[in-house]
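Remarks on the structure that follows.
The values are calculated or read from the model by the stated rules, or taken from the named source; none is laboratory data. Since the structure is predicted, the reported quantities are computational estimates derived from the model, not experimental observations. Here Cβ is always computed from backbone atoms with ideal geometry, including for glycine, and neighbour counts include all displayed protein chains. Note: accessible area is taken over every heavy atom of the protein model, side chains too, but ligands, DNA and RNA are not part of it. Shrake-Rupley method; radii C 1.70, N 1.55, O 1.52, S 1.80 Å.
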Amino acid sequence: MSHKKGNSIHFFLLFVVMLVLIWSLIKPEEGYMVLSMEILPSVLVLIFLISRYNQFRLTTVSYVIITLLVILTFIGGHYSYSKVPLFTWIKDYFDLQRNHYDRFGHFLKGLMVIVIIEILLRKTVLVKSKTTNFIALCITLAIGAFYEIIEWASTKIGKEGKATKDFLGMQGDIWDAQWDMTFLLVGSILSLFFTKILYKGLEKLDNE
């Protein structure tokens, strides 16, 4: 992939993300407090990536993953994770106990391990190996655990008000955090099988 073509794809991905962000800001279902709590981390990541684009450019593989995860967050922020319509329909149709968009989101967030592997390979002395994969897996789980701590802290700061409950999206499950981490772990392990796609992307980047 040529350098110019890569840039075009990256700008297209950014354009799609901005469209979804604008949509998410239009009359969010649970108000702007819940929306801001849900999407703020993704917005900060976007700002950082855009500001560093010329200094440190990721592979298209990583940008596609980031785009997917950010859009996932914006959708969850617009509706609140426990009320995303498609998964509410699935819940009603299959007579499930909860809306599983949150679980689905944590599973897909396992793709983040691929982005972390790229950063480790390009910014540290680590090389392609099982050790690097394991370190990336640990970092991914640490980020997930840190976010669960933030959610827990919000219950103490927010005094368990409506906005806090919508942000948590526990839906009455006391083991919600444990399930979230389990799905993140499974998603991360499965994502490691796709590292060859990342390596091909890195080779193309090195040849540009």
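Go over the candidates Ile139, Ile114, Ile119 one by one and state the one that is of a type in the set (A, V, I, L, M, F, W, C), over 24 Å from Trp179 (Cβ atoms) and either surrounded by fewer than 19 Cβ atoms within 10 Å (Cβ to Cβ) or under 14 Å from the mean Cα position of the chain (by Cα) (or both).
On inspection, the qualifying residue turns out to be Ile119.
If you scan region 24-57, which residues turn out to be surrounded by 15 or more Cβ atoms within 10 Å (Cβ to Cβ), in contact (Cβ under 8 Å) with a residue 24 or more places away in the chain, within 12 Å of Val70 (Cα to Cα) and out of contact with any His (no Cβ under 9 Å at 6 or more places or on another chain)?
Ser42, Leu46
State the number of residues belonging to region 58-110 that are open to solvent by less than 40 Å² (accessible area, probe 1.4 Å), assigned to a loop (DSSP other than H, G, I, E, B) and either polar (S, T, N, Q) or touching a residue at least 40 places away in the same chain (Cβ under 8 Å) (or both).
In the first step, residues of region 58-110 are kept if they are open to solvent by less than 40 Å² (accessible area, probe 1.4 Å); the result is 58-63, 65-67, 69-74, 76-78, 80-82, 84, 87, 98-99, 101-103, 105-106, 108, 110.
Cutting the leftovers down to assigned to a loop (DSSP other than H, G, I, E, B) gives us 58-59, 80, 84, 98-99.
Now restrict to residues that are either polar (S, T, N, Q) or touching a residue at least 40 places away in the same chain (Cβ under 8 Å) (or both): 58-59, 80, 98-99.
Counting residues in region 58-110 that are open to solvent by less than 40 Å² (accessible area, probe 1.4 Å), assigned to a loop (DSSP other than H, G, I, E, B) and either polar (S, T, N, Q) or touching a residue at least 40 places away in the same chain (Cβ under 8 Å) (or both) gives 5.
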